[in-house]
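Okay, so here's the structure we're looking at.
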Amino acid sequence: MQKEYLLESNEVIKQLDSSPHGLSEAQVRERQEKYGLNKLKEGKKTSLLMKFLKELANFMTIVLIAAAVVSGATSIYAGESMIDTVIILIVVVINAILGVYQESKAESAIASLQEMTAATSKVFRNGKLEVIRSEQLVPGDIIALEAGDSVPADSRLLESASLKAEEAALTGESVSVSKHSDVLETGKGEVALADRKNMIYTGSTIVYGRGKAIVCYTGMETEIGHIADALNTAKDEETPLQIKLNQLSKVLSIMVLGICALMFAVNIIRIGVSGNGIHLEELIDTFMIAVSLAVAAIPEGLAAVVTILLSIGVTKMSRKHAIVRKLTAVETLGCTQIICSDKTGTLTQNKMTVVEHSTSDEPLLMTAMALCSDAVLDPDSLQAVGEPTECALVNDAYKNNLSKPELAKDYERIGEAPFDSVRKMMSTVHKKKDGSIIQFTKGAPDEVLKRCSHAFLKGNIVAMTDDIRHDIMKANKAMADRALRVLCASIRNWDQSPHDLAPEALENDLIYLGLSGMIDPVRPEVKAAIKECQNASIRPIMITGDHKDTAVAIAKELGILENESMAITGAELEKLSDEELEKKITSFSVYARVQPEHKVRIVKTWKKLSKVTAMTGDGVNDAPAIKEADIGVGMGITGTDVTKDVADMVLADDNFATIVAAVAEGRRIYDNIRKAIQFLLSSNLAEVIAVFVASLIGFTILKPVHLLWINLITDCFPAIGLGMEAEEADIMKRAPRDPKDSIFSDGVGVEIALQGFVIALLTLIAYFVGHYVESGVWEIAQSADGMTMAFLTLSLLEMFHSFNMRSRTRSIFHLKTKNSFLNGSLLMSFILTTAVIYVPFLRRAFSFEHISLLEYVVAVLIAVSIIPIMEIVKLMKRR
Ligand code: ATP
């Protein structure tokens, strides 16, 4: 087989047994079978066993394993059953399995969301242009490419309109390379990859222009497939909250170690002072108390609960059309203070319709507009397909009996300078039937007009004067003030077809033709979303490539700005120094006629003022701004691969209101996770206080297995239930949370301390009640009944307390929402707790005593008292 770059394009099509209209369905099916999916093999995944072992390698598990070993050895020594050891080991294994399961579930949740935003390709099959997942491509497929696309497969160009590709991933060269479709010179032998100007390769991106290519190699057969045998799967990132929690558990571990060592020392000294010599049993008892304390202090279920809640959160967001690509975004969303949004498509519907012309030759204006665009008229629906602005122009011409396919027959396109958002215009060169050459240029009126030396007025070409220019700008402003997007068309006549198709060469000496004004209605839901932002102290900002007057008119309609002084253009922005911008930025709500690099400057400045900033983007050049933003938002429908790839979140519906919904969801998730954390930590603190106080006065209130059970079984379900809590009524009425705030800020730390203390006190009371009911005396003594009552009461306390935690300030009797998940999880915890106490073999395993109905009722009564106590606290807080 000949190298594709050394063949003429028709020869390549023949060699790959394809056709200019693409492959047939049968060919595609056959080739998919032969070549498989067009994707790179994934890197080796960590094996399940390794993941399992990793779960075991943490401080708390090691303590537990040590405890199991010691208690096993003791049992053998004393000739007792090894039930404690077995239970602890079972817990360790279950915990590790759960950890592995949770982590992989969270990973796959994110992975499947990333799939939803996976790259697509435009491919011609059976002569029709289709959009398919890039992994479905096969050799021989004909693909269409434009700026912003990731190159999906190694392909030979068939057509290139100023196509430029960035191939740094393959060549290390970050300057983009111009590509053409001509055959390379033969006879030189091997051509280096970087010099194959008629080929494009997987892993590179199209940064400019437009083109068509035939796929030659896919998947692992591509150049990048040869270089990198395997694609390294993205490293899992931890969210700020997860990092904080890891730090917290490290601090807790160290504290626990310290307390345990202290207790151990104190006990040894006490034994030494008593002069009885050190007995092994006493040593073991002391050790087991230290273990209890360690188990009590460490929130074993916390990490899993947080991971579960985050991954449930991203799934829920995706149902609201916000596809989170990085878990960290869930948290950052809740802190958002500034939302910078594109206008077209995000605030408006991107459904353009031409409603007005300003010209002395309407048919010529419409012809120029329709021909100088890449939108095509679909022969079936007779509606234009392509970019909405251009569709409007093609539809407008069609409505006026100027069908683009017919026009194209009279005006063959022989060259073009594609649109880009920096020039804000595009040009096409056409050969007319009589052989004459004409160029059409259309774009933003201010830009096009700068390049017009003449004007076509009433059938005559006249020199451009200040008066004419003034009249045109007046007409432009009149349309823009009514929120219309205005495009200007111009022509240029050529004696022969121009050699140089560079924009600088083409776009001079133009003859002004006229203006077309189009409406793009605002999205109906956006106005309310803007209001919601403002109530939530979030500042919405419009950034657009459109004209200032159009932008201001739409921003006013949406309530983004009150007066024109709050709008600034890209050119005015450029005149401001960084310091000046920093001082003035708070006064701007609308940025018009901006270049993509201005977006980066805007984000950077807001970030300098420590504002958490979200920024939307769709075009190729928007990627840096999206990357720079705290929350980079990509567009699912109109967005380019490049922007989606770097975004933290992608909007499946391109809608501004979706960002706001995601922010609300982010706030709700964080709120609830915090409630779950507070709930779990107050429980741990209560356990530590109870165990510590009991050991000081000389008895064991709860054994390590009891504490483990509570931490991992009784507490986890309600904690997850709290995570499902509906958002509080004022969630979008308060100011955003400061991302630097600790989990314990805003009184949470104090509340944990208070709740821990109260729960510990009630548990200790239950212990004595239990012992009294059995023995008839109030005394300090080791008691299995006391232990059973303490366990039951503490478990029930946790269940009732989870109700309190549904809101930190509101009375639970005034909550309007229902939380069926919490109710269900409480029922589950309740059944399990009762089972451990009443099912004989479980009771024996946990060293519990049978307790009477009366005792059970007493336990419930003690436990339920946590509700009125916390209600009083909340009442005082509200006051
Ligand atoms: P936003 O940033 O809100 O999405 P936008 O879509 O108007 O705004 P660009 O696509 O960069 O931003 O367009 C900038 C300007 O370029 C437009 O206001 C219009 O005047 C002009 N323009 C847009 N599309 C075309 C096109 N296909 N051909 C010629 N000119 C165009």
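The values are calculated or read from the model by the stated rules, or taken from the named source; none is laboratory data. In this text the structure is predicted, and so the values were computed from the model without any measurement. We place every Cβ from the backbone using ideal geometry, glycine too, and count neighbours over all the protein chains shown. Heavy atoms of the whole protein, side chains included, go into the accessibility calculation; ligands, DNA and RNA do not. Shrake-Rupley method; radii C 1.70, N 1.55, O 1.52, S 1.80 Å.
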Handout entry: Relative contact order (%) - criterion: Cα under 8 Å, at least six apart; region: the chain
Key = 12
Exercise for the section: Heavy atoms only, probe 1.4 angstrom, no DNA, RNA or ligands counted: give me Tyr670, Tyr208, Tyr77 ranked by accessible area, highest first. Expected result: Tyr77, Tyr208, Tyr670
Practice task
Could you calculate the FRET efficiency of Tyr772 with Ala78 from 1/(1 + (r/R0)^6), where r is the beta carbon distance between them and R0 is 41 Å, rounded to 0.05?
Solution key: 0.90
Fill in the blank from the handout: Averaging 1/r across every pair of distinct alpha carbons in the stretch 646-688 and inverting yields a Kirkwood hydrodynamic radius, in angstrom, of 12.6
Handout entry: Spin-label model distance (nm) - Ala118 vs Ile254, 7 Å beyond Cα toward Cβ
Key = 4.5
Exercise for the section: Counting helices only, and only those DSSP H runs with n ≥ 4, report the 222 nm mean residue ellipticity of the chain as the sum of -39,500 (n - 2.57) divided by its residues, in deg cm²/dmol to the nearest 500. Expected result: -15500 deg cm²/dmol
Problem - Debye, to nearest 20: dipole size of the chain, +1 on Lys, Arg Cβ, -1 on Asp, Glu Cβ - result: 1580
Problem - Modelled FRET efficiency - R0 51 Å, Lys527 with Ile97, Cβ distances, 0.05 increments - result: 0.50
Handout entry: Two-site label geometry, Glu412 and Ala571: point separation in nm, points 7 Å out along Cα→Cβ
Key = 4.0
Practice task
Take the Cα pairs of the stretch 735-848, get the Kirkwood Rh, then feed it into Stokes-Einstein at 4 °C and 1.567 mPa s and tell me D in µm²/s.
Solution key: 78
Fill in the blank from the handout: Taking protein heavy atoms only, a 1.4 Å probe, and rounding to whole percent, the accessible area of the chain owed to carbon and sulfur comes out at 59
Practice task
Hey, can you find the accessible area per residue of the chain for me, probe 1.4 Å, expressed in square angstrom?
Solution key: 44
Problem - the stretch 353-519: Rg to Rh, with Rh as the Kirkwood radius over Cα pairs - result: 0.94
Practice task
Take the Cα atoms of the stretch 557-671, build their convex hull, and give its volume per residue in Å³.
Solution key: 122
Fill in the blank from the handout: Between the alpha carbon centres of the stretch 283-343 and the stretch 347-376 the gap in Å comes to 51
Fill in the blank from the handout: In nanometres, the difference between 0.36 nm per residue of separation and the alpha-carbon distance of Ala729 and Asp746 is 4.2 nm
Practice task
Report the FRET efficiency, 1/(1 + (r/R0)^6), for Leu48 and Leu129, where r is their Cβ-Cβ distance and R0 is 51 Å, rounded to 0.05.
Solution key: 0.70
Exercise for the section: Would you mind giving the three semi-axes, in whole Å and largest first, of the ellipsoid equivalent to the chain according to its Cα gyration tensor? Expected result: 68, 32, 21
Completion exercise
Note: Ile438 to Ala66 extended length (0.36 nm per residue) minus current alpha-carbon separation gives 125.3 nm
Completion exercise
Counting as exposed only GluC sites (Glu not before Pro) in DSSP loop states with no more than 15 other Cβ atoms inside 10 Å, the longest exposed-site-free span of the chain is 239-524
Practice task
Beta carbons within 10 angstrom, averaged per residue: use that to sort the peptides 292-298, 856-862, 632-638, highest first.
Solution key: 292-298, 632-638, 856-862
Practice task
DSSP loop (so not H, G, I, E, B), at most 14 other Cβ within 10 Å: list which trypsin sites (Lys or Arg not before Pro) in the stretch 728-761 pass both filters.
Solution key: Lys733, Arg734, Lys740
Practice task
Take the cross-link list Lys575/Lys599; Lys409/Lys431; Lys556/Lys583; Lys179/Lys644; Lys244/Lys644 and give me the ones stretching past 18 Å between alpha-carbons.
Solution key: Lys556/Lys583; Lys179/Lys644; Lys244/Lys644
